[in-house]
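Colleague: Encoded as structure tokens, here's the structure I'll be asking about.
The values are calculated or read from the model by the stated rules, or taken from the named source; none is laboratory data. The structure displayed is predicted, hence computed values, not measured ones. Cβ sites come from the backbone with ideal geometry, for glycine too, and all protein chains shown count toward neighbours.
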Amino acid sequence: MLQRSKQLIDKYALYVPKTGSFPKGFEVGYTASGVKKNGSLDLGVILNTNKSRPSTAAAVFTTNKFKAAPVLTSKKVLETARGKNINAIVVNSGCANSVTGDLGMKDAQVMIDLVNDKIGQKNSTLVMSTGVIGQRLQMDKISTGINKIFGEEKFGSDFNSWLNVAKSICTTDTFPKLVTSRFKLPSGTEYTLTGMAKGAGMICPNMATLLGFIVTDLPIESKALQKMLTFATTRSFNCISVDGDMSTNDTICMLANGAIDTKEINEDSKDFEQVKLQVTEFAQRLAQLVVRDGEGSTKFVTVNVKNALHFEDAKIIAESISNSMLVKTALYGQDANWGRILCAIGYAKLNDLKSLDVNKINVSFIATDNSEPRELKLVANGVPQLEIDETRASEILALNDLEVSVDLGTGDQAAQFWTCDLSHEYVTINGDYRS
């Protein structure tokens, strides 16, 4: 595990150079409040300091029936504010504040009130928590930590500050997940997206324990921002699976503070579609880091379903394959058991039965390195290949990165899911998570 973690940190953890730029007008603070037993960073605040124009916010939350207190509280804040003038996010790790009843709701509100008081604004803060379910927050430590962040420990906007906030939201993660990128619009306007995420287990969001934050200095109208984030989440954070479990706390949030001096983007703007696609591509990069850090995983697997009748059904099939425990264990064992893939396709609950024609389906393993042949056909036009090159199959399945390709042959729509294998170590990690 340690060797794998170092390899992941070296290769995937930080998609940002130490001299990389971050969105204008945002500062972050962090501390070790003592909620985590090991004394690690466990509390962070993201703060918009730009006062030149109103900020906007959007979020997509878990559809789990047992929604955590911070999820319910943040939803209420966003609805009351109508997605406007949200200038802070406070997040803790080590305790999810989930299934904690009315007391948990009060604790989440106290966290919000503390930050609102510090910034001198009402209804301007979102709260998020992650960690063990069913335990109350240690509010004495949380309150002291918030006071420290706004006092002696102050805020920063440099690389180390952003990195430490990314660390403060980790639980079983083996590395912090931080991405930042600059984008250019046809007008020449440049803007920045910075994102953080946490998650390594209990990952199979359906947000129509994963947290994600994206901030930008581009001015975006609140309804347009929500539409962008929903579109992006459907094609990124809702397309990843580690173990098929949906958390009670899953939340993806986006803030746009408009620190870039340009016209605000709305749904009618000529740049709306381009920004939406840029946010989607960015969200996919961030979401993929969660899968790469999957608990106990040894492989990053892209499930690519193409030529489908509908996008929704392509996604359902990709998800069914990605969540299959039998597929995931076969990937871990480097077993070219394509029957498990077909089985997962066959029981997928499609919206339109015409999306799947068993006589047209093609299934392949795809190598992601430079080795040849890149594609190994397993099923062609519904017919299993009688003489599969088992040696080549083993070579592809031994790769850290590989692709499962499914061509349905019923349309022109496509969807991708990102998943990982399931190993013995996953059981070890989750067998003693609370200890």
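Colleague: Which residues, taken from region 49-72, are closer than 24 Å to residue 143 by Cα and either in contact with a Lys or Arg (Cβ under 8 Å, 6 or more places away or on another chain) or surrounded by fewer than 23 Cβ atoms within 10 Å (Cβ to Cβ) (or both)?
Modeller: Result: 49, 67, 72.
Colleague: Condition first: at pLDDT 95 or above, of a type in the set (S, T, N, Q), touching a Lys or Arg at 6+ places or on another chain (Cβ under 6 Å) and not in a helix (DSSP H, G or I). Can you find one or more residues in region 204-223 that meet it?
Modeller: no
Colleague: Looking at residue 116 and the list (1) within 20 Å of residue 42 (Cβ to Cβ); (2) part of a helix (DSSP H, G or I); (3) among the polar types (S, T, N, Q), which single condition is not satisfied?
Modeller: Exception for residue 116: condition (1).
Colleague: Would you check which residues across region 303-313 are buried (at least 24 other Cβ atoms within 10 Å of the Cβ) and more than 20 Å from the chain's Cα centre (by Cα) and list them?
Modeller: 305, 308, 313
Colleague: Pairs, please: C-beta under 7 Å, at least 6 apart or cross-chain, first residue within 18 Å of residue 173 (Cα to Cα) and in region 276-288, second at pLDDT 95 or above and polar (S, T, N, Q)?
Modeller: Qualifying pairs under 7 Å: none.
Colleague: Could you please give the count of residues in region 299-336 that are part of a loop (DSSP other than H, G, I, E, B) and either assigned by TED's automatic domain parsing to the domain that holds residue 240 or modelled with pLDDT of 85 or more (or both)?
Modeller: Going through region 299-336 one residue at a time, the tally reaches 6.
Colleague: Please enumerate the residues belonging to region 88-141 that are among the hydroxyl-bearing types (Ser, Thr, Tyr), closer than 15 Å to residue 169 by Cα and out of contact with any Lys or Arg (no Cβ under 8 Å at 6 or more places or on another chain).
Modeller: 129
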